[in-house]
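Structure record follows, encoded as structure tokens.
What follows draws every value from the coordinates through simple rules; no lab data is involved. Because the structure is a prediction, the values reported are computed rather than measured. Because the Cβ atoms are built from the backbone with ideal geometry, glycine has one as well, and the counts that use them run over all protein chains shown.
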Amino acid sequence: MKSIEGIRVLDLTNVLAGPFATLHLALCGAEVIKIENPGSGDLARKLGNVPELNKKNMGTSFLAQNSNKKSITLNLKDEKAKEIFRKLVKTSDVIVENFRPGVMKRLGFSYEALSEINPGLVYCAISGFGQTGPDAFKPAYDQIIQGLSGVMAINGDETLNPLRCGFPVCDTVGGLNAAYSIMVALFYKEKTGKGQFIDIAMLDSIMPLMGWVSANLLIGGKHPVLMGNDNFTAAPSGTFVTKDGYINIAANKQEQWEDLCDILGVPELKEDARFKERDTRKANRKELTPLLEAKMKTENTKYWADALNAKGVPSGEILSLYDALTQPQIEHRKAITEIETPTVGPIKVFNLSAKFDKTSADVDAPPPVLSQHTAELLKELGYDEKEIEEFKANKVI
């Protein structure tokens, strides 16, 4: 069984932050009903690097975030569609939306209005800046939030800064925060029977992830220094050149530093006044790195990674994305699964990253074709075939 079977989620979200949140709920067993605009659906259906799939409304961006979900199309500006939506609200536990603040209210679907229909409703609104504040009504995409949060300011080095993270980290973290918060609200509802409104801002969500860097400024009064691939908390800790490429090493403890020196064959560095203590090593990392790399360039990356890890010095190759996705550890963890998908064929997508010993959280249904479950869900609500055909003719669905 799955942990939250029986929970129904109405998903009015688009692109990434919202769909990533509801994906996690769907993997854990919730019935996630994706409510999409007739004809076009989620914008992510047209996003991706395979034009043929974009034309089918099954773009790779959509496929990545929407396993285990159902799709119904509703024109929520139409009164008939609004009536259908209200019926769905009565039968649901959660609503997730990522419109700009005020859009749902203008449609007649504010939290206050919907909670009158269903007092136990958990309503989660995801936006760039939250529902209130001086920036609440500004448009926001991941890159905008990366810049405003400070993420881009702390990435890179003197030659390349500001620098964005290579994937939409703010969208993704916003989605994780929403999924976590919805589960908290459902736990509260289980105890009290009461629903509640959740206000998730991407800007709020990403900033605590910079806790260590921010603490150095907020508490320690020191601004971050651009260090590229180096770790500001220790040395040697970062990326180093080998005979055939690069290696990551994190000798963060004193004993790891000393073992590193022995393995590289430079035991004299342990007693060098510039490097003997942690803080002096950090201050003199620019002098230390060339001395270590002179030795590392004599052997391949794998040689050093194996030797260092065997001694307990954390080390690793820097893999291409393909090699990372296909490495044995990921295969062993079953982090990626393959599933047959209508109009597309077999695709590979991620399972839930958490592993539970008593419940499952796997991909067991492919991302839905646009409007795939409309008729099924309308029949469940009591509509007959004739009414469904009339809805289609009138572009309600």
**Study point:** Shape box of the range 247-352 [Cα atoms, principal axes, largest first, Å]
**Key:** 66, 27, 23
Revision key, fill the gap. Any residue on another chain or 5+ positions along whose placed amide H is under 5 Å from the amide H of G120 is listed here as G195
Practice item. Quick one: net charge around I126, please, counting Lys, Arg +1 and Asp, Glu -1 for every other residue with C-beta under 10 Å from its C-beta. Key: -3
Check your understanding: Can you list the HN-Hα couplings for the range 319-331, worked out from phi with the Karplus curve (6.51, -1.76, 1.60; θ = phi - 60°), rounded to whole Hz and with x for Gly and Pro?
Key -> 8, 5, 4, 4, 5, 5, 5, 10, 5, x, 5, 5, 5
Review point. Residue by residue, what Karplus-based ³J(HN,Hα) values in Hz, rounded to whole numbers, does the range 379-396 have, using 6.51, -1.76 and 1.60 with θ = phi - 60° and x for Gly and Pro?
Key: 5, 4, 7, x, 7, 9, 4, 5, 5, 5, 5, 5, 4, 5, 4, 8, 6, 6
Point to revise | Rg(Cα)/(2.2 N^0.38 Å) for the chain, N = residue count | key: 1.19
Study note, to complete from the structure: For D244 and I336, extending 7 Å from Cα along the Cα-Cβ vector and measuring point to point gives, in nm, a value of 2.1
Revision key, fill the gap. Taking the alpha-carbon centre of each part, the distance from the range 257-287 to the range 349-396 in Å is 59
Exercise for review: Lys and Arg at +1, Asp and Glu at -1: add these up for the other residues within a Cβ distance under 15 Å of K358 and post the number.
Suggested key: -1
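Listing F85, F137 from the residue with the fewest other Cβ atoms within 10 Å to the one with the most, what is the order?
Ascending Cβ contact count within 10 Å gives the list F137, F85.
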Practice item. Apply the Karplus parameterisation 6.51 cos²θ - 1.76 cosθ + 1.60, with θ equal to phi minus 60°, to every residue of the range 58-69 and state each ³J(HN,Hα) to the nearest whole Hz, in sequence, with x for glycine and proline. Key: 9, x, 4, 5, 5, 4, 5, 10, 10, 5, 6, 10
Exercise for review: Quantify how much of the Cα-Cα distance distribution of the range 23-138 extends past 26 Å, in percent.
Suggested key: 26
Study note, to complete from the structure: Simple SL model, points at 7 angstrom along Cα→Cβ for R278 and N300; separation in nm is 3.6
**Study point:** Distance violations [Cα-Cα > 31 Å] among K191/K334; K189/K355; K46/K358
**Key:** K191/K334; K46/K358
**Study point:** Per-residue Cβ neighbour rank within 10 angstrom, fewest leading, V89, V32, V213, V225
**Key:** V225, V213, V89, V32
Revision key, fill the gap. Residues meeting the amide H criterion for Y246 (H placed from the backbone, H to H distance under 5 Å, 5 or more places apart or on another chain) are I318
Practice item. Count charges around M202 for me, please; just the other residues with Cβ under 9 Å from its Cβ, Lys/Arg as +1, Asp/Glu as -1. Key: -3
Exercise for review: Of the listed pairs K82/K379; K87/K194; K70/K194; K253/K282, which have alpha-carbon separations greater than 21 Å here?
Suggested key: K70/K194
Check your understanding: Taking amide hydrogens as modeled 1.01 Å from N in the peptide plane, which residues meet the under 5 Å criterion relative to K2, leaving out close sequence neighbours?
Key -> S360
Review point. Which order, highest average first, do 5-11, 111-117, 215-221 follow once you tally other Cβ atoms within 10 Å for each residue and take the mean per peptide?
Key: 5-11, 111-117, 215-221
Revision key, fill the gap. The exposure ranking of V96, V369, fewest beta-carbon neighbours within 10 Å first, is V369, V96
